[in-house]
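The values are calculated or read from the model by the stated rules, or taken from the named source; none is laboratory data. In this text the structure is predicted, and so the values were computed from the model without any measurement. Positions of Cβ are backbone-derived with ideal geometry, glycine not excepted, and every protein chain shown enters the neighbour counts.
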Amino acid sequence: MPCSFQTRRSLLLAALATGAGLATKPAAADDDDPPGSDERPKKGDRLVQSEGEQEGQLIKPDDLKLGGPPLHAWPQDPKTSVVRDRSVLNQLLIIRLDPAELDEDTRARAVDGILAYSGICVHAGCPVSEWVKGDGLDKDVFKCPCHNSEYDPREGAKVVFGPAPRRLAALPLAVVDGALVVAAPFIGKVGGQQG
Ligand code: FES
């Protein structure tokens, strides 16, 4: 069943990755794309929603419901307001969880229980588009519907089910002037087998 927060883009990517059996690659920026729109998130970048009625809106801590589901986001250059949406590898999952549920390393990276992870599956590059009960678990986890890999954001998005070979990359966050911003580059490798 398609997840309610899947986008048309994510469905297309999922179809590509599943049908071709290939990892998705970042969309190539062309000459018309604004400078910086395909660059990885940088320290100080803001986060904007990437879909839904609030698409393009700055994400503030209060926008996140405790316990999920995650918001889908892009990084945005705070100086130019360019949204870095020209690479699928910049898709982000932003989620708020009870800090007491987080392991030590994950809690150290969270701000008020808020965490950011890459939204691209490390197996073959599909979007991680679902927030559902984990296989054999009594808690919700991130899930990639292409081959059912599951990741637990409470433990640094480690793989808890499926063929994914490693955890999702994490993006450290901070709160500046009431808005969520990137505190440091990705920790870990972003994207699928060829990502
Ligand atoms: S692409 Fe295979 S599980 Fe995500």
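For the list (1) within 16 Å of the ligand (Cβ to nearest atom); (2) under 14 Å from the mean Cα position of the chain (by Cα); (3) surrounded by fewer than 22 Cβ atoms within 10 Å (Cβ to Cβ); (4) within 22 Å of Pro99 (Cα to Cα), I need the number of the one condition that Val160 fails.
Unmet for Val160, out of (1) within 16 Å of the ligand (Cβ to nearest atom); (2) under 14 Å from the mean Cα position of the chain (by Cα); (3) surrounded by fewer than 22 Cβ atoms within 10 Å (Cβ to Cβ); (4) within 22 Å of Pro99 (Cα to Cα): (2).
Go through (1) in contact (Cβ under 8 Å) with a residue 40 or more places away in the chain; (2) touching a Ser or Thr at 6+ places or on another chain (Cβ under 8 Å) and name the single condition Val175 misses.
Unmet condition: (2).
Looking only at region 76-93, which residues are in a loop (DSSP other than H, G, I, E, B) and of a type in the set (A, V, I, L, M, F, W, C)? Spell out how you get there, then give the answer.
Residues of region 76-93 in a loop (DSSP other than H, G, I, E, B): 77-82, 84-87, 91.
Of everything in region 76-93, just one residue is in a loop (DSSP other than H, G, I, E, B) and of a type in the set (A, V, I, L, M, F, W, C), namely Val82.
Can you name every residue in region 39-53 that is out of contact with any Phe, Trp or Tyr (no Cβ under 8 Å at 6 or more places or on another chain) and either of a type in the set (Asp, Glu) or modelled with pLDDT under 95 (or both)?
Glu39, Asp45, Glu53
Applying the selection to region 167-195, what residues are within 12 Å of the ligand (Cβ to nearest atom) and over 15 Å from Glu130 (Cβ atoms)?
Answer for region 167-195, where residues must be within 12 Å of the ligand (Cβ to nearest atom) and over 15 Å from Glu130 (Cβ atoms): Gly191, Gly192, Gln193, Gln194, Gly195.
For region 51-83, what are the residues that are farther than 25 Å from Gly134 by Cα, within 13 Å of the chain's Cα centre (by Cα) and in contact (Cβ under 8 Å) with a residue 40 or more places away in the chain?
First, the residues of region 51-83 that are farther than 25 Å from Gly134 by Cα: 53-62, 74-83.
Filter once more, so that each one left must be within 13 Å of the chain's Cα centre (by Cα): 74-75.
Matches in region 51-83: Pro75 only.
Results for (1) within 16 Å of the chain's Cα centre (by Cα); (2) crowded, with 21+ Cβ neighbours inside 10 Å; (3) within 16 Å of the ligand (Cβ to nearest atom); (4) assigned to a loop (DSSP other than H, G, I, E, B), shown as yes or no for each residue.
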| residue | (1), (2), (3), (4) |
| --- | --- |
| Ile95 | yes, yes, no, no |
| Asp105 | no, no, no, no |
| Gly125 | yes, yes, yes, yes |
| Lys143 | yes, yes, yes, no |
| His147 | no, no, yes, yes |
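Yes/no matrix, rows are residues, columns are (1) acidic (Asp, Glu); (2) in contact with a Pro (Cβ under 9 Å, 6 or more places away or on another chain); (3) farther than 22 Å from Gly67 by Cβ; (4) modelled with pLDDT of 95 or more:
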| site | (1), (2), (3), (4) |
| --- | --- |
| Gly119 | no, yes, no, yes |
| Val159 | no, yes, no, yes |
| Asp177 | yes, no, yes, no |
| Val181 | no, yes, yes, yes |
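Mind checking whether some residue in region 110-119 is free of Cβ contacts under 8 Å to residues at least 60 places away in the same chain, in contact with an Asp or Glu (Cβ under 7 Å, 6 or more places away or on another chain) and closer than 19 Å to Ile59 by Cβ?
Yes, the conditions are met somewhere in region 110-119.
Take Lys42 and tell me if it is part of a loop (DSSP other than H, G, I, E, B) and without any contact (Cβ under 8 Å) to a residue 40 or more places away in the chain. Outline the logic, then answer.
Working: part of a loop (DSSP other than H, G, I, E, B): yes; without any contact (Cβ under 8 Å) to a residue 40 or more places away in the chain: no.
No: the conditions fail for Lys42.
When you check Asp135 against the structure, is it within 13 Å of the ligand (Cβ to nearest atom) and of a type in the set (Asp, Glu), yes or no?
Working: within 13 Å of the ligand (Cβ to nearest atom): yes; of a type in the set (Asp, Glu): yes.
It is true that Asp135 is within 13 Å of the ligand (Cβ to nearest atom) and of a type in the set (Asp, Glu).
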